[in-house]
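Here's the structure we're looking at; comments come further down.
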Amino acid sequence: MKYIKKILLLGLIQSFLLSCYNNDFDEVLFRTPEDPFADVPQADSLSLEHTVFLSWKKDEAADCFYLMKSFDTDPPVWTCIYEGNATEYTDSELPDKDLYIYRLDKLRGEKYFTGSDYAYGFSLDGRKDQFEPNDTDSMPTLYEYPLNCNLTCVRYLTNNKTIVDCDWFSIQLKPCQTAHIVITQTNYTKPDGSTYLKFQETGKQSESIISGYAKQISNSSLSAKTAYFKIYPETTELLSGNTGIAVIQYTVSCSNWTAYSVEGGN
């Protein structure tokens, strides 16, 4: 009987030691010896009103993440808004048109690692338009019908950071055809019809936009063609101060399709 009890006791001790090894011991022996890597959160300020969605990468070398936040001030005044092991955080119910910077700090053991770069967020009573992401020529919005769009421009005091949206579009042209594209700015309007917008067709110089006046995009070849153009804000006058935020609303439509002629270019 004593022998059986001894066997059972040894079995319990073995199970306990294996349990300790599989959990705590395993972490100590096999975790990466490297320090946590420097990371910058990704900030999405335009998916929901008055909300900034933040995310960052998982780091096996970090025991804890600290998400730090400051208003856009010089110098920044940091507050920890999240502490833990998750890789995302939602900063919600924010006052309209406030600007923020975010920093990701990490802890390994007793050593604290302070992030050196910032994510930039803002609070807005609005969202990105339905055509985003179309801010590169590799992801343009195909023009098929009149479009309602917006462009966001933000200027920060911190690091003189400026965030400027850009919208790319494509349009399909038949052989020897010209499209007359009309861009109309619907807010921040001026009496003379001038806008805070720029227009640029691929391979050509940028042009200022007058609301309601057509820009011609032509196909001079005998085969069908897809043309590309972008619309972006001119921020010098729109954001005249050290900081600010503006959302330009505009429409894109094709007022006419005409035959291309060599003499007139349309």
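Residues are listed down the side, and each one gets a yes or a no for (1) part of a strand (DSSP E or B); (2) in contact (Cβ under 8 Å) with a residue 24 or more places away in the chain; (3) not small (Gly, Ala, Ser):
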residue	(1), (2), (3)
178	yes, yes, yes
192	no, no, yes
205	no, no, yes
218	yes, yes, no
258	yes, yes, yes
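For region 127-173, give me the residue count where each residue is over 15 Å from the mean Cα position of the chain (by Cα) and surrounded by 14 or more Cβ atoms within 10 Å (Cβ to Cβ).
Total satisfying the criteria: 15.
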Output the number of the condition that residue 37 fails; it satisfies all remaining conditions of (1) open to solvent by 20 Å² or more (accessible area, probe 1.4 Å); (2) under 14 Å from residue 89 (Cβ atoms). (2)
Filtering region 74-113 down to residues that are in contact with an Asp or Glu (Cβ under 9 Å, 6 or more places away or on another chain), open to solvent by 90 Å² or more (accessible area, probe 1.4 Å) and more than 14 Å from residue 46 (Cβ to Cβ) yields 85, 111, 112
Which of (1) among the aliphatic types (A, V, I, L, M); (2) open to solvent by less than 80 Å² (accessible area, probe 1.4 Å); (3) at pLDDT below 75 does residue 8 not meet, given it meets every other one? (2)
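The values are calculated or read from the model by the stated rules, or taken from the named source; none is laboratory data. These numbers come from a predicted model, not from an experiment. Here the Cβ is made from the backbone with ideal geometry for all residues, glycine too, and neighbour counts use every protein chain on show. Ligands, DNA and RNA are stripped out before the accessible areas are found, and what is left, the full protein with its side chains, is counted by its heavy atoms. Shrake-Rupley method; radii C 1.70, N 1.55, O 1.52, S 1.80 Å.
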